[in-house]
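Student: Have a look at the structure that comes next, please.
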Amino acid sequence: MRRPWSVQLLAELQAGALDEDTAARLRPQVRDDPAAGEVLTALETTRAQLAELPALPVPADVRDRVASALGAEVRTAAAERPDRQVGADGTGPADPSGG
Amino acid sequence: MAFFGSDADLLAAHVGGDAQAFAELFRRHRDRLWSVALRTAGDREEAADALQDAMISAFRNARSFRAESRVSTWLHRIVVNACRDRARRRRCRPGTAPAGHTAEPAAPDASTTEPDTRADVRTALAALPDEQRLAIVLVDVQGWSVAESAAVLDVAPGTVKSRCARGRARLAELLGHLRNAAADGDVPPAMAVRRQEGR
């Protein structure tokens, strides 16, 4: 018997990517179909594995390189607009190194 | 100097001339921005260049930030666009191979103790088309909402959902989770399917 769904369609149902009429028509057909349940479980397992991927901390050399480029931007801005060299509280001179 | 203000406060301080505010903003978000840059570019050097381009662009164009979005959304959007710009320029340069997504770069501390399944997920993710991978990275890996991801990618929320759905289906297949499931393609042509893409 042909099933009224594909893996792609179930993924769209799960993601809320189908319009409400299509989703409403599909849900009861999926609910009582163990094979559809297996696919939905597989998709959930996939999502859980993606969520477990660790963060990728920025490597020290990249961090320092970007911070240095931002420091150069601060110095350029300060040279162009000396009136803007104010500290965070607006009262004192800024650290010309850009922190 | 320690900053305790919100991201928006920091950006406003930067626009107002505070020399250290933007550096603090970068410090707060740099790991998340790097994760997205690396997973978007797929190449360490490309990601590093894109992150630097993006931060300089954000530094210089801070006045263009509009308060209706979050600062982190705005920063991520600039990083994603910088990655795309670099990829586009690379494709246009004769004789230059595109940065390969042969495998998602492992975390710096990845070692032989990394679970095999995690390595499999990285490899499978790297095999997705760029737009699907990006949607999946934002929503499923980074945990952003569909609405926020749509704002980062500058597409409709329905498009994010659709790309996530296609990407998850492909990943589930690549990861072997569908071995026992029915073969794909059983949908009868008469079954009218309407999607939200573009909405």
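Student: Which one is surrounded by the most Cβ atoms within 10 Å (Cβ to Cβ), of the residues in the range A:55-70 that are over 12 Å from B:Ala37 (Cβ atoms) and either facing chain B (nearest Cβ under 7 Å) or more than 24 Å from the chain's Cα centre (by Cα) (or both)?
Tutor: Selected residue: A:Leu70.
Student: Please determine whether any residue of the range B:77-93 is surrounded by fewer than 21 Cβ atoms within 10 Å (Cβ to Cβ) and either facing chain A (nearest Cβ under 9 Å) or outside any helix (DSSP H, G or I) (or both).
Tutor: There is at least one residue in the range B:77-93 that is surrounded by fewer than 21 Cβ atoms within 10 Å (Cβ to Cβ) and either facing chain A (nearest Cβ under 9 Å) or outside any helix (DSSP H, G or I) (or both).
Student: How many residues are out of contact with any helix residue (DSSP H, G or I) (no Cβ under 7 Å at 6 or more places or on another chain) and of a type in the set (A, V, I, L, M) when one looks only at the range A:37-76?
Tutor: 4
Student: Scanning the range B:46-71 for residues that are among the charged types (D, E, K, R) and in contact (Cβ under 8 Å) with a residue 40 or more places away in the chain, which turns out farthest from B:Leu25 (Cα to Cα)?
Tutor: B:Glu46
Student: Here is a follow-up. Could you check the range B:11-38 and list, in sequence order, the residues that are over 18 Å from A:Asp61 (Cα atoms) and at the interface with another protein chain (Cβ under 9 Å from one of its Cβ atoms)?
Tutor: Result: B:Ala13, B:Gly16, B:Gly17, B:Asp18, B:Ala19, B:Gln20, B:Ala21, B:Phe22.
Student: Has the range B:42-51 got any residue that is farther than 15 Å from B:Phe22 by Cα, touching an Asp or Glu at 6+ places or on another chain (Cβ under 8 Å) and modelled with pLDDT under 90?
Tutor: yes
Student: For A:Ala36, work out the one condition from (1) more than 24 Å from B:Val146 (Cα to Cα); (2) buried (at least 18 other Cβ atoms within 10 Å of the Cβ); (3) facing chain B (nearest Cβ under 7 Å) it doesn't fulfil.
Tutor: For A:Ala36, the exception is condition (3).
Student: Go through B:Ala87, B:Ala135, B:Ala110 for me and flag whichever is modelled with pLDDT of 70 or more and over 18 Å from B:Glu46 (Cα atoms).
Tutor: B:Ala135
Student: Tally up the residues in the range B:164-191 that are at the interface with chain A (Cβ under 7 Å from one of its Cβ atoms) and either assigned to a loop (DSSP other than H, G, I, E, B) or at pLDDT below 95 (or both), please.
Tutor: Residues flagged as at the interface with chain A (Cβ under 7 Å from one of its Cβ atoms) and either assigned to a loop (DSSP other than H, G, I, E, B) or at pLDDT below 95 (or both) within the range B:164-191 amount to 12.
Student: Of all the residues that make up the range A:1-13, how many are in a helix (DSSP H, G or I), facing chain B (nearest Cβ under 7 Å) and not β-branched (Val, Ile, Thr)?
Tutor: Selection size over the range A:1-13: 4.
The values are calculated or read from the model by the stated rules, or taken from the named source; none is laboratory data. Note that the structure is a prediction, hence the values are computed from the model and not measured. Glycine gets a Cβ as well: all are built from the backbone with ideal geometry, and neighbour counts include every protein chain shown.
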